[in-house]
Amino acid sequence: MNLQPAPDSAEEAVSCHALDYSFGDTKAVDSLDLSVRTGEIFGLLGPNGAGKTTAIRCITTLLPVPTDRVKVFGHDAAKEQMAVRRLLGYVPQQLSADAAMTGRENVTLFARVFDVPRRERAARVAQALDVVDLTGAADRMAKTYSGGMIRRLELAQALVSAPRLLMLDEPTIGLDPIARSSVWEHINAVRQATGMTVLVTTHYMDEAEQYCDRVGLMHRGRIHALGTSDELRGQLRDRRRKEAREAGTPVPAGDTATPTLEDVFRDVAGQGLDEEGGDYSDVRSARRTASRLG
Amino acid sequence: MSEAHDGRRPGSADAVDPGRFELLLVPPAPRTGWRVLPARVIAMCVVELQKLRHDRTELYTRAIQPALWLLIFGETFTHIRAIPTGGIPYIDFLAPGIIAQSAMFIAIFYGIMIIWERDAGILTKLLVTPTPRAALISGKAFASGVKALIQAVVVIVIAAALGVALTWNPLKLLGVAVVVILGSAFFSCLSITIAGIVLTRDRLMGIGQAITMPLFFASNALYPVAIMPGWLQVVSKINPLSYQVDALRGLLLGTPSHLLLDFGVLIFAALVGITTASSLLGRLAR
Ligand SMILES: Nc1ncnc2c1ncn2[C@@H]1O[C@H](COP(=O)(O)OP(=O)(O)OP(=O)(O)O)[C@@H](O)[C@H]1O
Ligand SMILES: [Mg+2]
């Protein structure tokens, strides 16, 4: 059995072109260019308030965008909203399972609204729950779930419609390290089995380094650097070496001199990162998310 | 394609049994055209029924108020005979009004809940499913109707227990169900519309509380329109609750009523409510 849906390699999963989005005077996304390749795990990285969520919400059709700015597998997010939505599995930043229903009912709702026919509904829901290892807890109320379990439940909700693109907004925020790696392992397992494209935002650089094929570093609504994390780190190392040679200072050598992704981030975002990386409301909303999860 | 990454990922070591995923590889065939709406309405109604099955406390707590209205207000005014009801006991006259009132309260509160669902991301996620806005709102509107209907059954049973002479004609009871659902569809859309305008929880709660009682008093639920002051009669005439109560009285008690007009107004109000609420739903997504 062929597990890979024939991927059209020429096709981009997501492409944003000169995308802007403002909330009043706040320019949340500022002429963003972004391209996610079919089949990859793409990480959108950035500090609080960078505009990651806003960019994601533009792609999901939640926020209105002009035509020809955002395409999902070739479908325009402004003109073909329903087509785009059918291709998407979306897990928003805040925990979004309905606490007053069981895990299974939560997933079944999404099977229904994605038109899964009745005869295969139960089986499909069971498989989605099985994939995220929630079979045993499926008939418990979602309000009894831990933060990590709710995240996995949301993953099941997103997977039940067999999306081609999984969009995860900070899937691991507020989770303990074990729950974090468990969520990532499930994302990975699913990606491997289905070949789906994953667009994920995070501000954990270590996660991005470990799990993403390519990353885009976002700051103040724009992507400042794009590539694999090895590429980005290598580029910065080479540039630092060159600068050091030109300045006549000793050339840093060996592994210890290889910058981390965080160094790359500080480099591209410039000095503004520490002082202006997110205003008070961003921090507050991040805290709220964290406490909801806690 | 993914094989290329296997070595890099610690989590990917465990083998994936393809059989476990089989169904998750094929996207379901989309429903199209007119089939979408009933499917979404059913999906939303099922959610309400499931929630009600898990937790019935709301059903009981919400039965207390109508019971008190019927018991205290109804019994008292039946004895005083202060309100002209056209020959029937006041408690009988009141019962349909209280059924409509309790349905309205539930519907308005249900609409208010949409702000909670927005803040909790539940609504956000539904907005990213292949569900047109109008279908989502219709689903919500009818789900509130289902909830209100179950409550109405409880109130009808209480009324019957208090000796109100209600019809048991199944056709008329079916009409009662339709009336309750249509009225609830309008009132839930009314509060979703207000939610779409004011956008925050606190403001919506304030307004929601501020409108329910006036809507109730400015209707024929408690007393006949004829004994109201002129200005209140006007308000009562444009209040869909009056038409709901009139229809319920006609169906449940067999008193003279204007069923055709009542149904017409309720259907129109529900359609207007659904249209307005749908057009404002986008504001709740931002
Ligand atoms: N609904 C909104 N109304 C007004 N301003 C908003 C709204 N949502 C986001 N913003 C602003 O837009 C900017 C980008 O926010 P966004 O949520 O996209 O950032 P983010 O990268 O997802 O941050 P975080 O890591 O905190 O989730 C911020 O300055 C934020 O305050
Ligand atoms: Mg965010």
Query raised in the report: Quick one: Karplus J couplings for region A:174-188, per residue in order, coefficients 6.51, -1.76, 1.60, θ = phi - 60°, nearest Hz, x for Gly and Pro?
Result: x, 8, 6, x, 5, 4, 4, 5, 5, 4, 5, 5, 5, 4, 5
Query - Solution diffusion estimate, µm²/s, Stokes-Einstein, region B:74-141, Kirkwood Rh from C-alpha pairs, 4 °C, viscosity 1.567 mPa s - result: 86
Report summary line: With 0.36 nm assigned to each residue of separation and the Cα-Cα distance removed, B:LEU37 to B:THR167 gains 43.5 nm
Report summary line: region A:9-293: relative contact order from alpha carbon pairs under 8 Å, six or more residues apart, as a whole percent, is 25
Query raised in the report: Given labels modelled 7 Å from the Cα in the Cβ direction, how far is it in nm from A:ALA123 to B:VAL225?
Result: 5.8
Report summary line: Helix A:147-159 sits off the longest principal axis of the Cα atoms of chain A, rounded to the nearest 10 on a 0 to 90 degree scale, by 70
**Report entry** Per-residue SASA entry for A:ILE178, accessible area with 1.4 Å probe, Å² rounded to 10
**Finding:** 130
Query raised in the report: Which whole-percent values make up P(r) of chain A when all C-alpha to C-alpha distances are grouped in 10 Å steps starting at zero?
Result: 6, 26, 34, 23, 8, 2, 1, 0
Requested in this report: Please work out the Cα center distance from region A:25-80 to region B:209-270, rounded to the nearest Å.
Outcome: 49
Requested in this report: Using amide H atoms built 1.01 Å from N in the peptide plane, name the residues 5+ places from A:TYR90, or on other chains, whose amide H lies under 5 Å from its own.
Outcome: A:MET167
Query - Relative intensity, log₁₀ I(q)/I(0), of the protein assembly as shown from a Debye sum that treats every alpha carbon as a point, q = 0.06, 0.07, 0.08, 0.09 Å⁻¹ - result: -0.38, -0.50, -0.62, -0.75
Query raised in the report: In terms of Cα to Cα distance under 16 Å, which lysines are near enough to A:LYS52, apart from those fewer than 8 places away along the same chain?
Result: A:LYS27
Query raised in the report: For A:ARG222, which sequence-distant residues (separation of 5 or more, or a different chain) have an amide H within less than 5 Å of its own amide H, given hydrogens modelled in the peptide plane?
Result: A:ASP30
Report task. Rounded to the nearest 0.05, what FRET efficiency do A:THR249 and A:ASP68 give with R0 = 51 Å and r taken as the Cβ-Cβ distance? Could you check? Result -> 0.55
Requested in this report: Using all C-alpha to C-alpha distances in chain B, build P(r) with 10 Å bins and read off the rounded percent in each one.
Outcome: 6, 26, 30, 18, 10, 5, 3, 2, 0
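Would you mind working out the accessible area per residue for region B:145-225, using a 1.4 Å probe, and quoting it in Å²?
I get 40 Å² per residue for this part.
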Requested in this report: Provide the FRET efficiency to the nearest 0.05 for the A:GLU262-B:LEU260 pair, computing r from the beta carbons and using R0 = 51 Å.
Outcome: 0.10
Query raised in the report: Taking the Cβ-Cβ separation of A:ASP133 and B:LEU271 as r and a Förster radius of 45 Å, what is the calculated FRET efficiency to the nearest 0.05?
Result: 0.50
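Do you know the Lys pair count in chain B for C-alpha distances under 25 Å, with sequence separation 8 or more or different chains? Let's see the in-between values first.
Values: B:LYS51/B:LYS125; B:LYS51/B:LYS140; B:LYS51/B:LYS147; B:LYS125/B:LYS140; B:LYS125/B:LYS147; B:LYS147/B:LYS172; B:LYS172/B:LYS237.
Step by step, the pairs that qualify in chain B add up to 7.
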Report task. Using only the Cα atoms of region B:80-218, each taken as one equal point scatterer with no solvent, compute I(q) by the Debye sum, divide by I(0), and report log10 of the ratio at q = 0.14, 0.17, 0.22 Å⁻¹. Result -> -0.71, -0.94, -1.29
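The values are calculated or read from the model by the stated rules, or taken from the named source; none is laboratory data. If you're wondering where the values come from, they're calculated on a predicted model, not measured in any experiment. Note: ideal-geometry Cβ built from the backbone for every residue, glycine included; neighbour counts use all protein chains shown. Protein only, heavy atoms only, side chains kept; ligands, DNA and RNA dropped before computing areas. Shrake-Rupley method; radii C 1.70, N 1.55, O 1.52, S 1.80 Å.
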